[in-house]
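Here the structure is laid out as structure tokens; the discussion comes afterwards.
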Amino acid sequence: LEKQIITSEKFSAIGKLAAGLAHEIRNPLTSVMGFIYLLRERAKTESESGYLDLIYSELETMKQLVSDFVMMAKPGSPDRKDVVIEDLLRDTVRFMESQAKLSSSTITDYILTEETPMRIDPIQIKQVLINLIQNALEAMPDGGEVKIESRLANPNSYQITISDEGIGMTDDEMREVMNPFFTTKEAGLGLGLSTCYRIIENHKGKLSFTSQKGRGTKFTIDLPR
Ligand code: ADP
Ligand code: MG
């Protein structure tokens, strides 16, 4: 209980800071990324395009950090819209494919369900998927496969799983990973999973995972229909 209270105080302090800063950081960042993209298209040598890819991916990381902060700052309640969830899933997979290529990974979609209408906040759910795929890619620094699967677990529950064949987690890590600011990464903020957890909780769903050190990790999202 004590831990919970400290956590929510942290959230509100960060929230105020994030609201002010995020906007100011994101706009110039987006424009810089646009110009890097243009330069990338005109690059004349392999090393030139390599450097520009690196710059782009580092900027994307920065943008992700800002997004994480904004998400923490937002009041929880989802802005629900009618969405065909398979479209959202495929969009997100496509969006993350360039990121995957940078570490010689692939994202395979086993989205076998058809045209399932859901009332969810598409921006928030996309954010969850991006965070989980990002973590999966980061868990496989030498490349590998991220699998995205979907199924109707029962008529009332839509299930999405994201699995990787990466470094996995120890039991100690598994106990900690949902806490804000827990990270094992040098440049990590540790806000991704706690944000995902909050978003899915606000959708009255469930976020769970299994992991084996050295083998891989599988996250499961259950969304009520
Ligand atoms: P960050 O990615 O900034 O570290 P997250 O909240 O997204 O923060 O993740 C917290 C920690 O959970 C990570 O630092 C890592 O130790 C662990 N983790 C999350 N996803 C995975 C995964 N797919 N495989 C292995 N470890 C993971
Ligand atoms: Mg993360």
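No lab work stands behind these numbers, since they all come straight from the coordinates. Just so you know, these numbers come straight off a predicted model, no measurement behind them. We place every Cβ from the backbone using ideal geometry, glycine too, and count neighbours over all the protein chains shown.
In summary, Glu149 fulfils each of the numbered conditions (1) within 16 Å of ligand 2 (Cβ to nearest atom); (2) in a strand (DSSP E or B); (3) touching a Phe, Trp or Tyr at 6+ places or on another chain (Cβ under 7 Å) with the single exception of condition (1).
Taking (1) surrounded by fewer than 18 Cβ atoms within 10 Å (Cβ to Cβ); (2) over 22 Å from Ser208 (Cβ atoms) in turn, Ser105 satisfies each apart from (1). The set of residues in the range 182-206 that are part of a loop (DSSP other than H, G, I, E, B), without any contact (Cβ under 8 Å) to a residue 60 or more places away in the chain and more than 6 Å from ligand 1 (Cβ to nearest atom) comprises Glu186, Lys204, Gly205. If I filter the range 82-95 for residues that are aromatic (Phe, Trp, Tyr), within 16 Å of ligand 1 (Cβ to nearest atom) and closer than 27 Å to Leu29 by Cβ, do I get at least one hit? Scanning the range 82-95 turns up no residue that is aromatic (Phe, Trp, Tyr), within 16 Å of ligand 1 (Cβ to nearest atom) and closer than 27 Å to Leu29 by Cβ.
Would you point out the residue of the range 192-206, among those that are within 16 Å of ligand 2 (Cβ to nearest atom) and either in contact with a Leu (Cβ under 9 Å, 6 or more places away or on another chain) or among the β-branched types (Val, Ile, Thr) (or both), that is farthest from Pro180 (Cα to Cα)? Looking at residues that are within 16 Å of ligand 2 (Cβ to nearest atom) and either in contact with a Leu (Cβ under 9 Å, 6 or more places away or on another chain) or among the β-branched types (Val, Ile, Thr) (or both), I get Ile200.
Residue-wise test of (1) buried (at least 20 other Cβ atoms within 10 Å of the Cβ); (2) under 14 Å from the mean Cα position of the chain (by Cα); (3) assigned to a helix (DSSP H, G or I).
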position	(1), (2), (3)
Pro78	no, no, no
Glu86	no, no, yes
Arg90	no, no, yes
Glu114	no, no, no
Val128	yes, yes, yes
Leu132	yes, yes, yes
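Any residue in the range 216-224 that is surrounded by fewer than 16 Cβ atoms within 10 Å (Cβ to Cβ), within 16 Å of ligand 1 (Cβ to nearest atom) and either assigned to a helix (DSSP H, G or I) or among the hydroxyl-bearing types (Ser, Thr, Tyr) (or both)? No, the range 216-224 has no match at all.
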